[in-house]
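Engineer: For reference, the structure I am asking about is given below.
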Amino acid sequence: MAAQDALRDDAERDPFTAVVVLSGGMDSTTLLAHFAALRFTLVAVTMDYGQRHRKEIDAARAIARHYGAEHHVLEVGGLGSLLTGSALTDDSVDVPDGHYAEEAMRSTVVPNRNAVLANLAVSVAVARRADTVALGMHAGDHFVYPDCRPAFVDALRHLVTVANEGFAAPRVEAPFMTWSKADIARHGVRLGAPLERSWSCYKGGDIHCGTCGTCYERLEAFRDAGLPDPTEYLDSDTRFAAP
């Protein structure tokens, strides 16, 4: 009976629709390009969870338009005000500068963020009978962020199956999980992704600062990939040693 239910659920899913979590950053921009290249119908979801600034949300809108993706900004802004202590949701916490693998970057962790974002995307996918929920985490995130590691995705896949028993539960895909940021830069450029429209900086100024952890990771990725960086930085010269 379980096997028959699984076959029924597979038959009910739309195998050509992907719900893509689109933050507006470099990784999720490349992720949207990846599934566009695979000819999926794209439903992009962006979360407004009360983050420090809206630059990534604006970038996500522009990137979704570029690909003709159906785009939704999910408003959970009240959540951010409760998540004190994170530099991304609490204005009293300074955004740290330095290498992205430094211990200081723990202050940029938003509690349980990816679990919330992923499960909201799963809800959309179940309602739309989409085959796939796509997440953009990669190996460079593993240092600091526990909800970007393989164990998290494995647990999420199990949860999605259990929480949606009897319904057409989507597959959870994280195709960049073992990739470096440089690999993502190469893939994005190869696919013609509009990486120049993406936004990474945690500080949210007029241009990327170049020294916060995520800016430095972006800058280093293009440098390591041997590719021209389309990003304008306030500081593109400072170098941080890996811890």
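Engineer: What range in the chain is the longest one free of trypsin sites (Lys or Arg not before Pro) that are in a loop by DSSP and have at most 16 other Cβ atoms within 10 angstrom?
Structural biologist: With a cap of 16 other Cβ atoms within 10 Å, the longest stretch comes to 130-238.
Engineer: Quick one: angle between helix 150-163 and the longest Cα principal axis of the chain, in degrees between 0 and 90, rounded to 10, please.
Structural biologist: Taking Cα atoms only, the helix is inclined about 30 degrees.
Engineer: Related question: Looking at the calculated P(r) for region 109-243, what percent of the C-alpha pair distances fall above 22 Å?
Structural biologist: Above the 22 Å cut-off, region 109-243 has 47 percent of its Cα pairs.
Engineer: Viscosity 1.567 mPa s, temperature 4 °C: Stokes-Einstein D of region 52-94 from its Kirkwood Cα radius, in µm² per second?
Structural biologist: The calculation lands on 108 µm²/s.
Engineer: Relative contact order for region 15-140: what is it in percent, counting Cα pairs under 8 Å that are at least 6 residues apart?
Structural biologist: Reported as a whole number, the value is 32 percent.
Engineer: Give the relative contact order (percent, whole number) for the chain; include only Cα pairs under 8 Å separated by 6+ residues.
Structural biologist: Value for the chain: 24 percent.
Engineer: Could you tell me the largest-minus-smallest coordinate of the C-alpha atoms of the chain on each of the three principal axes, in descending order and whole angstroms?
Structural biologist: Principal extents (largest minus smallest coordinate, Cα): 60, 39, 30 Å.
Engineer: Once you order the gyration tensor axes a ≥ b ≥ c over the Cα atoms, which shape class does region 126-186 get: rounded for a/c under 1.5, otherwise prolate or oblate by comparing a/b with b/c?
Structural biologist: Cα axes put region 126-186 in the oblate bin.
Engineer: What angle do you read, to the nearest 10 degrees and between 0 and 90, between the alpha-carbon axis of helix 2-12 and the longest principal axis of the chain?
Structural biologist: 70
Engineer: Using the Kirkwood radius built from alpha carbon pairs, what does the Stokes-Einstein equation give as D for region 182-243 at 25 °C and 0.890 mPa s, in µm² per second?
Structural biologist: Estimated via Stokes-Einstein, D reaches 206 µm²/s.
Engineer: Would you mind checking the radius of gyration and Dmax of region 83-146 based on alpha-carbon positions, in Å?
Structural biologist: Rg and Dmax of region 83-146, Cα atoms, are 14.6, 42 Å.
Engineer: Tell me the carbon and sulfur percent of the accessible area for region 80-149, rounded to whole percent, probe radius 1.4 Å.
Structural biologist: Heavy-atom surface of region 80-149 belonging to carbon and sulfur, 1.4 Å probe: 50 percent.
Engineer: Quick one: angle between helix 26-37 and the longest Cα principal axis of the chain, in degrees between 0 and 90, rounded to 10, please.
Structural biologist: 40
Engineer: Looking at the P(r) of region 1-144, how many percent of alpha-carbon pairs lie beyond 22 Å?
Structural biologist: Pairs farther apart than 22 Å: 45 percent.
Engineer: Counting heavy atoms of the protein chains only and a 1.4 Å probe, report the per residue accessible area for the chain as a whole number of Å².
Structural biologist: Counting only protein heavy atoms, the per-residue value for the chain is 46 Å².
The values are calculated or read from the model by the stated rules, or taken from the named source; none is laboratory data. Nothing here was measured: the structure is a model prediction, and the numbers come from that model. Neighbour counts run over all protein chains shown; Cβ positions are idealised from the backbone, glycine included. Only protein heavy atoms, including side chains, enter the accessible area calculation; ligands, DNA and RNA are left aside. Shrake-Rupley method; radii C 1.70, N 1.55, O 1.52, S 1.80 Å.
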